[in-house]
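All remarks here apply to the structure that follows.
The values are calculated or read from the model by the stated rules, or taken from the named source; none is laboratory data. Keep in mind that this is a model prediction, so the values were computed, not measured. Cβ placement follows ideal geometry from the backbone for every residue including glycine, while neighbour counts extend to all protein chains displayed.
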Amino acid sequence: MDPKTFTDLAALPWTTQLVLASGYCGYLIAYLGIRYNHKATDTIFASLAFGLVALLVLTLPWQIAGWIRGSTAFFASIGAGIFWRAVIRSGLRRLAARANYSWSDDTPNAWDRLFEVTDHGPTQLTVELDDGRYLYCSNAARVGHLPFGPYVLGTTGDILMYVDRTTTAKGEDREALGTFSDDWGAMVTYIPKDRVRKIAVRLNPINPRAEEEAGWKARARAWVGNLRHPRSHEE
């Protein structure tokens, strides 16, 4: 950043700085993992939109300490970003489709659309390679708690996955015995985009009942994990 620009921003009133910072953080949360193709104008105006939430909180006639008001405004923008991503964005898409208003959701390509699924959890991943072999992650729940779990679909088309089974080009099924080891840990496999011919993902609706039985900590981990899944290199 130009030093003069930084100096000009630092000279702004603290409320203006808070609105700008809160709006940008709200934007980061709202488009986590799917903002790599955004232009500067997308970032600026989306940040301003979420910053309006912070501005609204700051203008309320509250007789409270400034730091409490500022903290509330900041987290209000964060909450607005989460609510936009989890509820409003998908709801508007469904409403537009049901009303025959638009069947397009402005997603650049189908691969990017995979990054936005948060109400269904992955159960299996199958990758077909260019040499005819198949790689499987047969039980995504088993690796969901591991680093990079349950898998990572890069925005460029590459993949990180835990391979527990393979099929050769001749159709022979083999178990990947070395993937999980009590002594050495779990082995993740990187697949360059040039080697990938096709992928298939099996999904299941998130089970609220099972999450309730698992407790609030498990629900929180599941929510955060599904918000980030499938993850992109942007992270």
Task: Conditions (1) among the polar types (S, T, N, Q); (2) closer than 27 Å to ARG85 by Cα; (3) in a strand (DSSP E or B); number of the one not met by THR118 - done: (3)
Task: Lone qualifier among GLY26, GLY33 - being assigned to a helix (DSSP H, G or I) and closer than 27 Å to PHE115 by Cα - done: GLY26
TODO: Specify the residue that is nearest to ASP42 (Cα to Cα); the eligible residues are those in the range 83-130 that are of a type in the set (Val, Ile, Thr) and in contact with a helix residue (DSSP H, G or I) (Cβ under 7 Å, 6 or more places away or on another chain).
DONE: THR107
Open item on the list: For the range 124-148, give me each residue that is at pLDDT below 95, more than 14 Å from VAL201 (Cα to Cα) and assigned to a loop (DSSP other than H, G, I, E, B).
Closed with: GLY144, HIS145, LEU146, PRO147, PHE148
TODO: Please work out which residue is surrounded by the fewest Cβ atoms within 10 Å (Cβ to Cβ), limiting yourself to the range 64-85 and to residues that are assigned to a helix (DSSP H, G or I) and aliphatic (A, V, I, L, M).
DONE: ILE68
Task: Odd one out for THR43, checked against (1) over 19 Å from ASP112 (Cα atoms); (2) at pLDDT 90 or above - done: (1)
Task: Residue, surrounded by the fewest Cβ atoms within 10 Å (Cβ to Cβ), within the range 153-185, restricted to residues that are outside any loop (DSSP other than H, G, I, E, B) and of a type in the set (A, V, I, L, M, F, W, C) - done: PHE180
Open item on the list: Residues that are of a type in the set (D, E, K, R), without any contact (Cβ under 8 Å) to a residue 40 or more places away in the chain, farther than 21 Å from LEU20 by Cα and outside any helix (DSSP H, G or I): does the range 100-108 have at least one?
Closed with: yes
Open item on the list: Please pick out the residue among GLY81, GLY70, GLY33 that is touching a strand residue (DSSP E or B) at 6+ places or on another chain (Cβ under 8 Å) and either in the same structural domain as THR156 (by TED's automatic domain parsing) or touching a residue at least 12 places away in the same chain (Cβ under 8 Å) (or both).
Closed with: GLY33
Task: Criterion violated by GLN17 - all others in (1) loosely packed, with under 11 Cβ neighbours inside 10 Å; (2) at pLDDT 90 or above satisfied - done: (1)
- [ ] Search the range 20-60 for residues being within 17 Å of TRP84 (Cα to Cα) and charged (D, E, K, R), and hand back the single one that is surrounded by the most Cβ atoms within 10 Å (Cβ to Cβ).
- [x] ARG35
Open item on the list: Against the condition surrounded by fewer than 17 Cβ atoms within 10 Å (Cβ to Cβ), in contact with a helix residue (DSSP H, G or I) (Cβ under 8 Å, 6 or more places away or on another chain) and not assigned by TED's automatic domain parsing to the domain that holds VAL19, how does GLY149 come out, does it pass?
Closed with: no
Open item on the list: For the range 121-144: of the residues being farther than 19 Å from ARG174 by Cβ and over 16 Å from the mean Cα position of the chain (by Cα), which is surrounded by the most Cβ atoms within 10 Å (Cβ to Cβ)?
Closed with: ALA140
Task: Tabulated pairs, the range 38-54, first among the small types (Gly, Ala, Ser), second part of a loop (DSSP other than H, G, I, E, B), C-beta under 6 angstrom, 6+ apart or interchain - done: none
